[in-house]
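Only one structure is covered here, and it is reproduced in the block below.
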There are 2 protein chains.
Amino acid sequence: MAPDTVRIAVDLLGGDQAPAVVVDGALRACQADPALHLLLVGPLEVAGEIRAALTAEDRDRVHHHEATGDAAMRAAVHAVADGHAHAVVSAGPTGTTVTAARLGLGRWPGIRRAALAAVLPTPAGRVVLLDVGASVDPSPVTLTGHALLGAVYAAVAHGVAAPRVGLLSIGVEPGKGDAVRRAAALLLAEMALPAGAHYVGLVEGDEVVLGEHADVVITDGFTGNVLLKGLEAAYAVAGGRNPNDVPPRAAALLGVGGTVVVCHGAATGDDLASGIALAASLRRHDVVTASAGLLSPDHEVSHEHG
Amino acid sequence: MAPDTVRIAVDLLGGDQAPAVVVDGALRACQADPALHLLLVGPLEVAGEIRAALTAEDRDRVHHHEATGDAAMRAAVHAVADGHAHAVVSAGPTGTTVTAARLGLGRWPGIRRAALAAVLPTPAGRVVLLDVGASVDPSPVTLTGHALLGAVYAAVAHGVAAPRVGLLSIGVEPGKGDAVRRAAALLLAEMALPAGAHYVGLVEGDEVVLGEHADVVITDGFTGNVLLKGLEAAYAVAGGRNPNDVPPRAAALLGVGGTVVVCHGAATGDDLASGIALAASLRRHDVVTASAGLLSPDHEVSHEHG
């Protein structure tokens with residue numbers, strides 16, 4: 001069965017190497033997915049470069065929305081809010097993207113802080129690691145919010161029946177970790193989690209690689225970002241792994257009312273293409289709506305009692 | 001030239017799998033290094049097990065100091081303080097070891113907080129990552145102390161002429177990171193560093209793997225520990241690397257007045273053996289005394305002005 005048609009808004013100006021890598025990524029994504037439509041948000045000449053490289057037939061799948069400078073990312077988010085696109089992809093600064101998405105698309109029930117979720121392949125299955133860059137200096141309550149987001153995402157996107165949620169720390173014995181981890185662990189032990197999920201306690205850095213005890217690993221955006229970038233580089237240097245088994249350099253923004261994918265600022269064309277593919281897949285499987293739907297006001301109460 | 005004789009105090013009861021893995025590690029270390037002497041600190045029956053597995057000749061290199069329970073690690077540290085051993089190795093709880101070492105061995109000039117330094121092989125040379133577990137919730141001033149420790153260690157242990165010191169963060173542009181990183185970056189930019197070292201600014205998680213911009217990467221013990229355990233697991237899973245090129249599962253404790261090596265609580269016999277070998281090498285090259293000697297009261301002033 002051919003995949004459903006989906007239209008992704010792409011921020012042509014996001015990323016350290018934009019627009020060149022975005023042009024490259026958009027072309028690769030179009031060629032890989034015949035049912036993909038793109039709304040290119042940025043300067044006309046950049047969109048023109050992409051269209052010129054496509055066949056006349058493919059060109060019909062690519063549209064343009066004029067925007068310049070910092071406005072491109074916000075305009076791409078608004079294209080989703082206004083129904084002109086199904087999802088948005090940007091390699092622009094994470095903080096700016098998160099703010100624009102929250103303001104433009106609203107939030108999930110009970111979630112005050114969005115989180116970026118990276119999915120890491122492990123020998124024991126996929127692990128959702130969040131946050132990887134949206135929440136810096138989070139409160140313990142924000143970490144419990146990440147647990148809600150990760151639990152529903154694992155259930156919906158990966159079909160995990162009863163997601164195991166672990167808290168990243170520096171030892172597995174209760175009480176290990178810094179002040180925010182110790183406080184978050186106490187809250188998590190008392191919380192009701194959605195989607196049949198349960199809290200399995202503390203896990204260490206190797207869990208994100210081995211996937212033995214948790215389907216979801218929650219952490220602050222600082223630690224998650226450092227760990228993800230370290231692992232990406234380690235797999236690249238070590239080699240010996242199937243390229244399909246390395247972490248994708250694109251992350252889903254969970255907790256905002258629309259499908260938003262954030263690529264690393266140092267993204268390559270390949271990374272942008274996989275970010276666009278991730279956005280298309282999330283939309284085709286209705287992941288954001290279904291995930292948000294699993295969060296009820298009950299969880300909001302638990303989530304705020306700390 | 002045969003290596004100098006050196007005597008290492010080994011905590012027989014440290015580690016999740018103690019004493020079995022310590023017995024194994026001690027035997028491997030003895031067999032690998034004919035000039036190594038061990039002071040086995042713990043129950044007599046464990047020391048006896050090690051001695052029974054050695055030839056009569058090798059047995060003369062192995063001595064015993066009775067201690068039980070939590071006292072074994074402290075007794076091993078005191079053996080160094082009292083001159084009965086040159087260095088100490090433990091896989092016991094990091095916090096306990098650090099406290100015992102600080103109380104038993106004193107501190108380096110200008111350093112209030114010790115740090116665990118891991119050395120990571122990279123395609124561009126060795127990178128010293130610290131702290132990997134001793135300082136949880138450090139102040140910005142403690143991170144500047146890590147910069148002093150890392151700089152002199154890279155100079156002395158690795159012969160780096162003008163060590164480049166980077167601060168681990170989630171972007172390289174000034175201002176990136178959480179509150180403690182932003183404050184530490186301002187202090188580091190103003191500091192005089194010892195050993196000809198200089199601060200190169202922010203680096204990301206991949207730097208610890210690639211080694212392109214820094215010889216020393218400083219961070220808090222939480223982030224460093226998570227990253228190190230993640231990388232160890234990634235290299236193990238990915239394969240494809242020379243076993244000599246993976247991070248050792250032992251770290252030098254810098255900032256205390258003696259040679260102390262801490263192994264992971266989940267250390268294997270191999271890990272213990274490499275921890276003992278690291279301690280022997282640090283002592284033979286007089287790394288701790290020489291590193292501490294490079295820190296003058298000048299650095300103490302810079303270090304405290306935040």
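The values are calculated or read from the model by the stated rules, or taken from the named source; none is laboratory data. On a predicted model such as this, the values are computed, not experimentally measured, just so you know. Reconstructed Cβ throughout: ideal geometry from the backbone, glycine too, with neighbour counts over all protein chains shown. Please note that ligands, DNA and RNA were not included when accessible areas were found on the heavy atoms of the full protein model with its side chains. Shrake-Rupley method; radii C 1.70, N 1.55, O 1.52, S 1.80 Å.
State whether one or more residues within region B:149-166 are modelled with pLDDT of 95 or more and over 20 Å from the mean Cα position of the chain (by Cα).
Yes.
The single condition from (1) open to solvent by 10 Å² or more (accessible area, probe 1.4 Å); (2) more than 13 Å from chain B (Cβ to nearest Cβ) that A:Val216 fails is (1).
The residues in region B:190-219 that are without any contact (Cβ under 8 Å) to a residue 60 or more places away in the chain and assigned to a loop (DSSP other than H, G, I, E, B) can be counted, and the count is 6.
Scanning region B:238-247 for residues that are modelled with pLDDT of 95 or more, open to solvent by 10 Å² or more (accessible area, probe 1.4 Å), closer than 28 Å to B:Leu13 by Cα and not in a strand (DSSP E or B) turns up nothing.
May I ask you to verify whether A:Ser90 is among the polar types (S, T, N, Q), in contact (Cβ under 8 Å) with a residue 40 or more places away in the chain and within 14 Å of chain B (Cβ to nearest Cβ)? Here the answer is no, as A:Ser90 does not meet what is asked. From the list A:Val98, A:Val22, A:Val46, the one residue that fits, being over 21 Å from A:Leu278 (Cα atoms) and open to solvent by less than 50 Å² (accessible area, probe 1.4 Å), is A:Val46. Looking only at residues in region A:49-60 that are open to solvent by 30 Å² or more (accessible area, probe 1.4 Å) and touching a strand residue (DSSP E or B) at 6+ places or on another chain (Cβ under 9 Å), the one that is nearest to A:Ala29 (Cα to Cα) is A:Arg51. Under the condition of being of a type outside the set (Gly, Ala, Ser), surrounded by fewer than 24 Cβ atoms within 10 Å (Cβ to Cβ) and more than 12 Å from A:Leu13 (Cβ to Cβ), the residues counted in region A:67-85 number 3. On inspection, B:Asp33 passes the criterion of being touching a strand residue (DSSP E or B) at 6+ places or on another chain (Cβ under 9 Å) and among the acidic types (Asp, Glu).
Every condition in (1) more than 12 Å from chain B (Cβ to nearest Cβ); (2) open to solvent by less than 30 Å² (accessible area, probe 1.4 Å) is met by A:Glu232 except one, and the failing one is (1). Each residue in region A:112-134 was checked for being farther than 10 Å from A:Asn225 by Cβ and open to solvent by 10 Å² or more (accessible area, probe 1.4 Å), and 10 pass. Those strands (runs of 3 or more DSSP E) of region A:36-106 in which 1 or more residues are over 25 Å from A:Ala292 (Cα atoms) occupy A:36-42, A:62-66. Of all the criteria given as (1) more than 14 Å from chain B (Cβ to nearest Cβ); (2) open to solvent by 40 Å² or more (accessible area, probe 1.4 Å); (3) not aliphatic (A, V, I, L, M), the one not satisfied by A:Asp206 is (1). When B:Asp131, B:Asp137 are checked against the criterion of being more than 27 Å from B:Arg7 (Cβ to Cβ), acidic (Asp, Glu) and under 14 Å from the mean Cα position of the chain (by Cα), B:Asp131 stands alone in meeting it. I'd like to verify a number: residues in region B:130-189 that are facing another protein chain (nearest Cβ under 10 Å), of a type in the set (A, V, I, L, M, F, W, C) and assigned to a loop (DSSP other than H, G, I, E, B), how many? Qualifying residue count for the region: 4.
Restrict the check to region B:252-272 and report whether at least one residue is part of a helix (DSSP H, G or I), among the hydrophobic types (A, V, I, L, M, F, W, C), open to solvent by 10 Å² or more (accessible area, probe 1.4 Å) and at pLDDT 95 or above. No, region B:252-272 has no match at all. All told, A:Tyr199 falls short of being within 14 Å of chain B (Cβ to nearest Cβ) and more than 17 Å from the chain's Cα centre (by Cα). The set of residues from region B:257-275 being β-branched (Val, Ile, Thr) and closer than 11 Å to B:Ser90 by Cβ comprises B:Val260, B:Val261, B:Val262.
The single residue among A:Val260, A:Val226 that is among the β-branched types (Val, Ile, Thr), within 21 Å of A:Thr96 (Cα to Cα) and facing chain B (nearest Cβ under 7 Å) turns out to be A:Val226. The set of residues from region A:107-129 being within 15 Å of A:Gly255 (Cβ to Cβ) and in a loop (DSSP other than H, G, I, E, B) comprises A:Trp108, A:Pro109, A:Gly110, A:Ile111, A:Arg112, A:Arg113, A:Ala114.
If a residue must be under 15 Å from B:Ile50 (Cα atoms) and open to solvent by less than 10 Å² (accessible area, probe 1.4 Å), how many such residues does region B:1-19 contain? Final tally of qualifying residues: 5. For region B:164-179, filtered to residues that are open to solvent by 30 Å² or more (accessible area, probe 1.4 Å) and touching a Leu at 6+ places or on another chain (Cβ under 7 Å), the residue that is nearest to B:His213 (Cα to Cα) is B:Val172.
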